[in-house]
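Scroll down for the structure; my scribbles are underneath it.
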Amino acid sequence: MSRRRRDRDEDRHDSELVDKLVNINRVAKVVKGGRRFGFSALVIVGDQKGRVGYGSGKAREVPEAVRKATEQAKRSMIRVPLRQGRTLHHDTIGHFGAGRVLMRSAPPGTGVIAGGPMRAVFEALGMHDVVAKSMGTSNPHNMVKATFDALRNVSSPRSVATKRGKKIGDILGRRETNLPAGEAAAATEA
């Protein structure tokens with residue numbers, strides 16, 4: 001493939017990505033002439049179709065830190081299986097350092113119920129219905145990394161079925177068939 005065509009494909013791929021700036025931190029280094037300021041940025045990048053990544057960058061200027069973070073986020077994107085393209089397949093917990101996050105699937109119309117950095121991850125991912133709670137630190141870096149830990153643990157029924165050598169229907173099952181005979185009859189009457 002020619003370089004020009006590859007660049008054009010890369011631009012098209014990048015144009016559909018959404019990036020969200022989560023946090024900027026300013027640090028000062030004291031030197032003989034005064035203070036030197038540096039900036040670090042935390043950026044979330046996603047295609048709103050199930051792929052998302054995060055990155056952090058440091059530089060002397062804010063735009064350069066954001067650019068570095070965005071490049072790192074594009075390189076570290078992961079694919080997350082979504083149920084009906086809107087929510088998680090199952091509840092999950094993520095850990096990173098002192099950060100602990102709980103994420104639960106939600107019925108249609110719930111919306112994104114999450115705070116701060118977690119909301120940015122879900123919006124970049126394209127998730128429409130989820131309930132999330134941060135139970136540990138409020139440090140944005142640790143919250144984002146714990147969220148990604150939880151998202152990496154999400155598995156679709158199809159992947160579980162292939163690992164176990166079963167059909168998807170065996171994994172999901174029917175709720176009526178799982179009930180004892182008397183309860184199933186009562187459920188159909190009600």
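When you scan region 5-13, do you find a residue that is modelled with pLDDT of 90 or more and exposed (fewer than 11 other Cβ atoms within 10 Å of the Cβ), even just one?
Our first condition is that a residue be modelled with pLDDT of 90 or more; within region 5-13, this holds for none.
No: region 5-13 contains no residue that is modelled with pLDDT of 90 or more and exposed (fewer than 11 other Cβ atoms within 10 Å of the Cβ).
Of everything in region 91-139, what is within 13 Å of Val154 (Cβ to Cβ) and among the charged types (D, E, K, R)? Give them in sequence order.
Asp91, Arg104, listed by residue number.
Quick one: is Val101 within 18 Å of Asp19 (Cβ to Cβ) and either modelled with pLDDT of 90 or more or in a loop (DSSP other than H, G, I, E, B) (or both)?
Details: within 18 Å of Asp19 (Cβ to Cβ): no; either modelled with pLDDT of 90 or more or in a loop (DSSP other than H, G, I, E, B) (or both): yes.
No, not satisfied.
Could you tell me whether any residue of region 77-95 is small (Gly, Ala, Ser), in a loop (DSSP other than H, G, I, E, B) and modelled with pLDDT of 90 or more? Break it down into steps so the answer makes sense when it comes.
Initial filter on region 77-95 (small (Gly, Ala, Ser)): 85, 94.
Subsequent filtering for residues that are in a loop (DSSP other than H, G, I, E, B) retains 85.
Keeping just the survivors that are modelled with pLDDT of 90 or more gives none.
No, region 77-95 contains no residue that is small (Gly, Ala, Ser), in a loop (DSSP other than H, G, I, E, B) and modelled with pLDDT of 90 or more.
Which residues, taken from region 50-79, are surrounded by 19 or more Cβ atoms within 10 Å (Cβ to Cβ) and of a type in the set (Ser, Thr, Tyr)? Write out each step before concluding.
Pass one, region 50-79, residues surrounded by 19 or more Cβ atoms within 10 Å (Cβ to Cβ): 52-57, 65-66, 69-70, 73.
Within region 50-79, Tyr54, Ser56, Thr70 qualify.
Can Thr70 be described as farther than 30 Å from Ala28 by Cβ and in contact with an Asp or Glu (Cβ under 9 Å, 6 or more places away or on another chain)?
Working: farther than 30 Å from Ala28 by Cβ: no; in contact with an Asp or Glu (Cβ under 9 Å, 6 or more places away or on another chain): yes.
Answer is no for this residue.
Return the residues of region 114-158 that are among the acidic types (Asp, Glu) and outside any helix (DSSP H, G or I); say none if nothing qualifies. It would help to see each step written out before you state the result.
Narrowing region 114-158 to residues among the acidic types (Asp, Glu): 123, 129, 149.
If the condition is that a residue be among the acidic types (Asp, Glu) and outside any helix (DSSP H, G or I), then Asp129 is the only one that fits.
Name the residue that is farthest from Val144 (Cα to Cα), counting only residues in region 13-37 that are touching a residue at least 24 places away in the same chain (Cβ under 8 Å) and part of a strand (DSSP E or B).
So the first thing to find is which residues in region 13-37 are touching a residue at least 24 places away in the same chain (Cβ under 8 Å), and the list is 14, 16-24, 36.
Now drop any that are not part of a strand (DSSP E or B), which leaves 18-24, 36.
Numbers: Val18: 16, Asp19: 14, Lys20: 12, Leu21: 12, Val22: 9, Asn23: 11, Ile24: 14, Arg36: 28 Å.
Selected residue: Arg36.
Is one or more of the residues making up region 78-90 among the hydrophobic types (A, V, I, L, M, F, W, C) and closer than 18 Å to Glu16 by Cα?
Initial filter on region 78-90 (among the hydrophobic types (A, V, I, L, M, F, W, C)): 78, 80, 82, 88.
Then drop every residue that is not closer than 18 Å to Glu16 by Cα, which leaves 78, 80.
Yes, because at least one residue in region 78-90 is among the hydrophobic types (A, V, I, L, M, F, W, C) and closer than 18 Å to Glu16 by Cα.
A quick yes/no check of all residues on (1) without any contact (Cβ under 8 Å) to a residue 40 or more places away in the chain; (2) surrounded by 18 or more Cβ atoms within 10 Å (Cβ to Cβ):
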{"site": "Phe39", "(1), (2)": "yes, yes"}
{"site": "Gln48", "(1), (2)": "no, no"}
{"site": "Pro81", "(1), (2)": "no, no"}
{"site": "Pro108", "(1), (2)": "yes, no"}
{"site": "Ala124", "(1), (2)": "no, yes"}
{"site": "Met135", "(1), (2)": "yes, no"}
{"site": "Asn139", "(1), (2)": "no, no"}
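Tell me the residue from Gly57, Gly99, Gly53, Gly85 that is small (Gly, Ala, Ser) and touching an Asp or Glu at 6+ places or on another chain (Cβ under 8 Å), please. Working first, answer last.
Working: Gly99 fails: touching an Asp or Glu at 6+ places or on another chain (Cβ under 8 Å); Gly53 fails: touching an Asp or Glu at 6+ places or on another chain (Cβ under 8 Å); Gly85 fails: touching an Asp or Glu at 6+ places or on another chain (Cβ under 8 Å).
Exactly one of Gly57, Gly99, Gly53, Gly85 is small (Gly, Ala, Ser) and touching an Asp or Glu at 6+ places or on another chain (Cβ under 8 Å), namely Gly57.
The values are calculated or read from the model by the stated rules, or taken from the named source; none is laboratory data. Quick caveat, the model's predicted, so the values are computed rather than measured. Positions of Cβ are backbone-derived with ideal geometry, glycine not excepted, and every protein chain shown enters the neighbour counts.
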